[in-house]
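Below is one structure; the comments refer to it alone.
Values in this text are rule-based calculations from the coordinates and carry no lab data. Remember, predicted model here, so these are calculated numbers, not experimental data. Note that we place each Cβ from the backbone using ideal geometry, even for glycine, and neighbour counts take in every protein chain shown.
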């Protein structure tokens, strides 16, 4: 009965997200892309590792624990050798209907298998990117460093008639991914308690190839390159999703993207998920000290690591350098003076404001204080008793319209403008794995 229930659960999910015809088309794709030996996927994983070494970063391979258990001798070849590993559930199942206890147990069993085989694992991504209100807590209870389940989609690339999504396809994508609009939202990691949430970028390979029918590598690279430029312009993160089963189609597009991202003049941080998460937690500990000089301004003392980048708007002195991002001056010194009169060069926040506002300011690296003295600060925020994701970009635009000096730490280390990561979900290695997954194993 357990197996029958798992089969029913799987079929129900697939028909909702792919449709009846899509289900049978998917079977044909599997027969072309996979084999019984696993050699096709092993070759793809090996090539992804080699590309990572070529460009000096660690791609992240995301695998269910049961798949690791079946083929641990193969995956051990890459442990601490060019790939970062991420848990993708115990088995590949939908997390949305699961309770907190069920998710804690599923994620805990996955971590235990990684530990049993001595495989370092720092991150968790749910199968199907599925989640509910308990998922982050369940991940945190299992002591992961990062998670990557939130999706943001860039839709303005859909400019030609043949690339426009049908209503049915839009519904399926929103049901499967529940993506936010990347154009209207701030695309950065988030500190979620002790876990760093790192957003995934859409469209990914599955959406472009299987749903939109784009098989031309140059077209795929062009779409992703446009997103890379947009994320660089906005100082955001681009987490590429490329499944090994489509790597043969997208290999050239991925390398072309890495060629663009790795050019020193572009200032893009090509890195791993683990390094992004470690940096985000490191940055969250930074502080800014202020010492007033009456009627003149403030001495600033930055308490941070050497990797930190200190920025200040509407300020110029011998300590300030070039513009890294928009009209924010980069300041090399950790102690410097800001001419601001009686205004403290940071953001004041009314005590009634939402905690989500404070979390956002901290994630963005702004120096801020909770206070009721509105006239004391370069900018004072009031009226944000409710603060949501849709308010974030509007707030950043308002901050950038201020004519007073404001101190912040930049999002990325060592003068990097934006960040780029490649992630690779490997749900199965062989055709047999798909049959076992169908049976809930």
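Against the chain, whose longest principal axis is taken from its Cα atoms, helix 355-364 shows a tilt of about 90°.
Computed over segment 24-144, the percent of Cα pairs more than 19 Å apart is 52. Taking the fewest neighbouring Cβ atoms within 10 Å as the starting point, the ordered list for 378, 272, 79, 126 is 79, 272, 378, 126. Here r is the Cβ-Cβ distance between residue 333 and residue 35 and R0 is 41 Å; the resulting FRET efficiency, rounded to 0.05, is 0.10. Classify segment 282-415 from the C-alpha gyration tensor, please: rounded if a/c falls under 1.5, else prolate or oblate depending on whether a/b exceeds b/c. The shape class here is oblate. Relative to the longest principal axis of the Cα atoms of the chain, the long axis of helix 217-234 lies at roughly 20 degrees.
Of the beta bridges in segment 282-415, as assigned by DSSP with both residues counted there, near 75 percent are antiparallel.
Against the chain, whose longest principal axis is taken from its Cα atoms, helix 167-177 shows a tilt of about 80°.
Expressed in nm to one decimal, what extension gain is obtained for the pair residue 435 and residue 305 from 0.36 nm per residue of sequence separation less their Cα-Cα distance? Before the final figure, lay out the partial values.
Working: separation 130, 0.36 × 130 = 46.80 nm, distance 5.00 nm.
Full extension of this stretch gives 41.8 nm more.
For residue 385 and residue 226, a Förster radius of 30 Å and the Cβ-Cβ distance give a FRET efficiency of 0.20, rounded to the nearest 0.05. Calculated FRET efficiency, residue 265 to residue 401, Cβ-Cβ distance, R0 = 35 Å: about 0.75 to the nearest 0.05.
Evaluated at q = 0.20, 0.24, 0.25 Å⁻¹, a Debye calculation over the C-alpha positions of segment 106-152 (equal weights, vacuum) places log10 I(q)/I(0) at -0.64, -0.89, -0.95.
With the Cα gyration tensor of segment 215-297 giving a ≥ b ≥ c as the square roots of its eigenvalues, does the rule (a/c under 1.5 for rounded; else a/b larger than b/c for prolate; else oblate) give rounded, prolate or oblate? Judged from the Cα gyration tensor, segment 215-297 comes out prolate (a/c at least 1.5, a/b above b/c).
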